[in-house]
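Please read the structure below before turning to the comments.
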Amino acid sequence: MTENDITPTAQAVCLRQPPPSAQRIVAPLIDIGINLAHDSYDADRDAVIARATAAGVVQMIVTGSSAASSRLGVSLCRQHPGRLFATAGVHPHHATELTSSVLAELGALTAEPQILAVGECGLDYYRNYAPHTAQQEAFQRQLELAARCGKPVFLHQRESHEDFMAILREHWPALCGGVAHCFTGGAAELDCYLELGLAIGITGWICDERRGAHLLELVRRIPADRLLLETDGPYLLPRDLTPKPSARRNEPAYLPHIATVVARARGEPVEALARTSTETARRLFRIPEIDFRSVP
Ligand SMILES: [Zn+2]
């Protein structure tokens, strides 16, 4: 990075300047997983979006993790057309909430043009907030929904690889692609996902020297046309940001930082990674191009 790369445009007003530790990459970036419906953004959501834009994060996919957050995601998209898109789904933590009426509501949401994927859905045997059988049921119903609506799946998996793969494999022929979001697993899991045909979402987990160091090696195995970048904000604030933001909250303006760490690990210029990951996101989720120079 040079000094010019991190200087916001002259037109940027104070509010639009990224936080001090955010960087700017010239090629536009897309944050494919941001929990922007989370209440930690209630007080300053527009400023968060403006800082993302100033940092070169031109479009974002708002993660739906419950019926309520999926609904809110669509309304946020309506306020920021062309900039925000969303997913509709129920996180495995909330698997018991996926009643037939909620499933019908998700089905109706997937008809909205702003909804680009079904999820996040999957299995989480780490926290075990919902019984395994309920998680498996909810996962299957959402994979069926994705097949019906013809949109890709946004997948969450933790400590449940075998069951997850067994269910996903069964449904895969009817699906039109998907992403293993927030990949934190090992080489064997990565190879399984790549072999199946999934894209891989990398978050600031890779910036965590305690538990994410293995990803520095593993990201080299991901073909450029399968690698996606996401913050998963407000969670997973990159641990190596300097100076450390006073709030512990993560936000999309930090995506260039994650891109820089991933590019360095892969031994490629960050601009090249930004370009290919943005192209990959556009192709998988069918995100329309935006003339980001005209973004207010
Ligand atoms: Zn997740």
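Give the longest segment of the chain that steers clear of GluC sites (Glu not before Pro) in DSSP loops with at most 14 neighbouring Cβ atoms within 10 Å, not counting the sites themselves. Show your work: numbers first, answer last.
Numbers: sites that count: Glu3, Glu159, Glu209, Glu289.
Longest site-free region, per DSSP loop and neighbour criteria: 4-158.
Treating the beta-carbon of each Lys and Arg as +1 and of each Asp and Glu as -1, no other charges, what is the dipole magnitude of segment 151-249 about its Cα centre, to the nearest 20 debye?
460 debye
Springs between alpha-carbon atoms under 10 Å, Gaussian network over the chain: tell me which of Leu273, Leu216, Leu255 tops the mean-square fluctuations.
Evaluated over the chain, the most mobile residue of the options is Leu216.
Counting Lys +1, Arg +1, Asp -1, Glu -1, what net charge surrounds Ala43 among other residues with beta carbon under 13 Å of its beta carbon?
Charge balance in the 13 Å sphere: -3.
Treat every Asp and Glu Cβ in the chain as -1 and every Lys and Arg Cβ as +1, leave all other atoms uncharged, and give the resulting dipole magnitude about the Cα centre to the nearest 20 debye.
The dipole magnitude comes to about 520 debye.
Exposed loop trypsin sites (Lys or Arg not before Pro) only (DSSP loop, at most 12 other Cβ atoms within 10 Å): please give the longest stretch of the chain free of them, not including the sites.
The answer is 1-126.
Taking neighbour Cβ counts within 10 Å as the exposure measure, how do Asp44, Asp291, Asp208 sort from fewest upward? Don't skip to the end; give the middle numbers.
On the way: Asp44 14, Asp291 8, Asp208 17.
Fewest to most other Cβ atoms nearby, the residues stand as Asp291, Asp44, Asp208.
Counting other beta carbons within 10 Å of each residue's own, what order do Asp191, Asp163, Asp232 fall into, fewest first?
Asp191, Asp163, Asp232
Can you work out ³J(HN,Hα) from phi for every residue in segment 41-47, in order, using Karplus 6.51 cos²θ - 1.76 cosθ + 1.60 and θ = phi - 60°, giving whole Hz and x for Gly and Pro?
9, 4, 6, 8, 4, 5, 5
Cut-off is 10 Å between beta-carbons; in what order do Met60, Met165 appear when sorted fewest neighbours first? Don't skip to the answer; put the middle values down first.
Working: Met60 30, Met165 17.
Ascending number of Cβ neighbours within 10 Å: Met165, Met60.
Any chance you could list P(r) for the chain, counting all Cα-Cα pairs in 10 angstrom bins from zero, rounded to whole %?
Percent of pairs per bin, in order: 7, 31, 38, 21, 4, 0.
Each reported figure results from applying straightforward, stated rules to the coordinates on display, with no laboratory input. Since the structure is predicted, the reported quantities are computational estimates derived from the model, not experimental observations. Glycine also receives a Cβ, built like all others from the backbone with ideal geometry; neighbour counts cover every protein chain displayed.
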